[in-house]
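The values are calculated or read from the model by the stated rules, or taken from the named source; none is laboratory data. In this text the structure is predicted, and so the values were computed from the model without any measurement. Methodologically, a virtual Cβ is constructed for each residue, glycine included, from the backbone with ideal geometry; neighbour enumeration extends over all protein chains shown. Surface accessibility is based on the protein's heavy atoms, side chains included, excluding ligands, DNA and RNA. Shrake-Rupley method; radii C 1.70, N 1.55, O 1.52, S 1.80 Å.
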Amino acid sequence: MNASRRPLSGSRIDLEAGAYRASIASIGATLRLLQHEGRDLVVPFGLDELRPAYRGATLAPWPNRVVDGLYTFDGIDQVLALTEPARGHALHGLAAWLDFAVLERDASRVLLGATVEPQAGYPHRLELAVEYALDAEGGLRQSVTATNVSDTPAPYGTGPHPYLVAGPGPVDEWMLTLPAAEVLTVTPDRLIPVAIADVASEDGGVFDFRSERLIADTFIDHAFRSLSRDADGVATVTVRSPEGTATAMTFGPECGWVQVHTADNVDPSMHRAGLAVEPMTCPPDAFNSGTDLIVLAPNASTTAAWTIAAV
């Protein structure tokens, strides 16, 4: 790499705390690498590599899909760019390719900021503040705060896009604990939401991971809700390898949904290499359904957070 040329992933911000090490890429406020005692907790990518498959990106002002890129808000029909052309949807918001500026930084923490400017399909201005903080005991915590600095209410949702790694080998060899009682079924071709179903009965219970079990060849690209939580309202999704190493993602009640994807990909180097676990404040196509959609009043803010840790 030419030292005078800026890497494709943007500026590099490295964080350390105890046995944890993280690297954040400024484009998309992206988690590029996270390790504990040298073990990958997420699927990494290179500093000078174009980020593949939204890996580690921050998703805002919506996570997941807006079907057909069309929605109506405040009585006005909106048309978004189709960033998932194969399925014909607007995917994962508008922040994933913004270059976030470093606002504050020390050895274990960084605060990044960027602005979503008014544009076709989303005529609102949002200030985004994304914080990554490493803790030697608790792992990596990410929070996303959005402030509506426009004069009209704005629809909003957020979430992250890490691919968790339990240990060596593919997803098929890992055990998954996913404490969700309900799954959002989708069409097989375009993943358009259909209906809420009980994980115990849907498709013979294939999506029921409330008790830890082997993922095997199960295909998952679904949103889940009705999550079991601890006394503080925290839900935990865990992947565990045959060697006993494990990675957990935790999130609070502000994220009532979690998308899980087994990373099935035509590229053999990426196929089922990690398990995407994406806590979300709203489900897919919330701009149309209105389900758990946040409507930010002018000058109002909202924050969501999640943590990834070795267990």
| field | Selected residue (only one of A29, A90, A107, A81 is small (G, A, S), loosely packed, with under 15 Cβ neighbours inside 10 Å and closer than 23 Å to M280 by Cα) | value | A81
| task | Give the residues of segment 72-129 that are in a strand (DSSP E or B), among the polar types (S, T, N, Q) and touching an Asp or Glu at 6+ places or on another chain (Cβ under 7 Å), sorted by residue number. | result | T115
| Among (1) over 20 Å from P63 (Cβ atoms); (2) open to solvent by less than 80 Å² (accessible area, probe 1.4 Å); (3) touching an Asp or Glu at 6+ places or on another chain (Cβ under 7 Å), where does S228 come up short? | (3)
| Matching entry among P193, P162, P170, P155 (being within 21 Å of the chain's Cα centre (by Cα), closer than 26 Å to L128 by Cβ and open to solvent by 20 Å² or more (accessible area, probe 1.4 Å)) | P193
| message | What are the pairs with Cβ atoms under 9 angstrom where one residue, in segment 235-246, is under 20 Å from R225 (Cβ atoms) and touching a residue at least 24 places away in the same chain (Cβ under 8 Å) and the other, located anywhere, is among the charged types (D, E, K, R) and open to solvent by 40 Å² or more (accessible area, probe 1.4 Å)? Sequence gap at least six, or different chains. | response | A235/R229; T236/R229; T236/D230; T238/E212
| message | For the list (1) in a strand (DSSP E or B); (2) surrounded by 20 or more Cβ atoms within 10 Å (Cβ to Cβ); (3) free of Cβ contacts under 8 Å to residues at least 60 places away in the same chain, I need the number of the one condition that F45 fails. | response | (1)
| said: Checking the condition open to solvent by less than 50 Å² (accessible area, probe 1.4 Å) and in contact with a helix residue (DSSP H, G or I) (Cβ under 9 Å, 6 or more places away or on another chain), which residue from P279, P283 passes? | reply: P283
